[in-house]
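Worksheet for the structure shown next.
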């Protein structure tokens, strides 16, 4: 329970901090941004977001094929979306949930499935590194950009890291001391290794790369298109798009779904690097975060219901 309450509490605090430190003019802009935004552009951005989610699910099948699995696209999609919504509670916990739901309805070892997801995350990390490189290349003031996009360790209590290390050591000792746990750990590791090796056995490498680039281009495109929803942001430069995207991605990795931290970091980039007025920058960052998060929640809830209609199949 603490793992869920702590990150969400930090996010709620950051949201409160973000809003409470805004001027009355900025708060009025929040309201007008949501009431006067051109939702046609937001709809286009959401369609692109959906296509990126579907593409991620479809790309997954190429790794699963190397394990001898040919699951329904619907099962892969619902598992991905459930993973997204679980990530809104504990960052990166959605990967475990995704593997668990998929293996439940496909009747296959969750360890191997988790291994394929690890492969995806490594590929995504490489793509994100490429995006960061492009963002840094485009920035005129790289030092200031690095300062803005650094997360603050002070947001977490000092005792948290020693506690996590202590718990980790206890788990390691328990695994080596108890035979039953040791056998389960060995089986789990073997499954993950087998899942990770799917990238070596991948046959449709061209199709996998196509979906990978499509997913990340879609991520940046939906950020850019959302800017057209606000007249003051319609002229945003490519430099600013990449810088804001990197800042937002870091925020999403630091807190559940970027709650609280996403608008703070994106607004900071817009005001400090590109001279946007505070009310405009904050309004846009809140609009971007809120529309995409609500959309993921809705899709995730639909998938949570729809996956129960899936028939459990043998691999």
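The values are calculated or read from the model by the stated rules, or taken from the named source; none is laboratory data. Small disclaimer: the values here were computed from a predicted structure and weren't measured. Here Cβ is always computed from backbone atoms with ideal geometry, including for glycine, and neighbour counts include all displayed protein chains.
Here are the numbers for the structure shown:
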{"read-out": "Unique match (being on the phi > 0 side of the Ramachandran plot and not in a helix (DSSP H, G or I)) among 235, 275", "value": "275"}
{"read-out": "Residue match in the range 92-113 (condition: farther than 28 Å from residue 53 by Cβ, in a helix (DSSP H, G or I), over 20 Å from the mean Cα position of the chain (by Cα) and at pLDDT below 85)", "value": "no"}
{"read-out": "Any chance residue 292 is closer than 26 Å to residue 95 by Cα and over 19 Å from the mean Cα position of the chain (by Cα)", "value": "no"}
{"read-out": "Among the candidates 253, 248, 260, 275, residue that is farther than 30 Å from residue 72 by Cα and either surrounded by fewer than 15 Cβ atoms within 10 Å (Cβ to Cβ) or touching a strand residue (DSSP E or B) at 6+ places or on another chain (Cβ under 8 Å) (or both)", "value": "275"}
{"read-out": "Check on residue 117, within 15 Å of the chain's Cα centre (by Cα) and more than 23 Å from residue 260 (Cα to Cα)", "value": "yes"}
{"read-out": "Filtered residues of the range 82-91 (kept if part of a helix (DSSP H, G or I) and more than 11 Å from the chain's Cα centre (by Cα))", "value": "82"}
{"read-out": "Yes/no for residue 314 being under 21 Å from residue 39 (Cβ atoms) and modelled with pLDDT under 85", "value": "no"}
{"read-out": "Criterion (under 19 Å from residue 50 (Cβ atoms) and either touching a helix residue (DSSP H, G or I) at 6+ places or on another chain (Cβ under 7 Å) or not in a helix (DSSP H, G or I) (or both)) met by exactly one of 287, 270", "value": "287"}
{"read-out": "Selection status of residue 281, without any contact (Cβ under 8 Å) to a residue 40 or more places away in the chain, part of a helix (DSSP H, G or I) and in contact with a helix residue (DSSP H, G or I) (Cβ under 9 Å, 6 or more places away or on another chain)", "value": "yes"}
{"read-out": "Per-region count, the range 94-116, residues touching a helix residue (DSSP H, G or I) at 6+ places or on another chain (Cβ under 7 Å) and in contact (Cβ under 8 Å) with a residue 60 or more places away in the chain", "value": "11"}
{"read-out": "Residues being surrounded by fewer than 16 Cβ atoms within 10 Å (Cβ to Cβ) and in contact with a helix residue (DSSP H, G or I) (Cβ under 8 Å, 6 or more places away or on another chain) - total across the range 69-90", "value": "3"}
{"read-out": "Residues of the range 189-228 satisfying the condition of being assigned to a helix (DSSP H, G or I), surrounded by 15 or more Cβ atoms within 10 Å (Cβ to Cβ) and modelled with pLDDT under 80", "value": "191, 192, 194, 195, 196, 198, 199"}
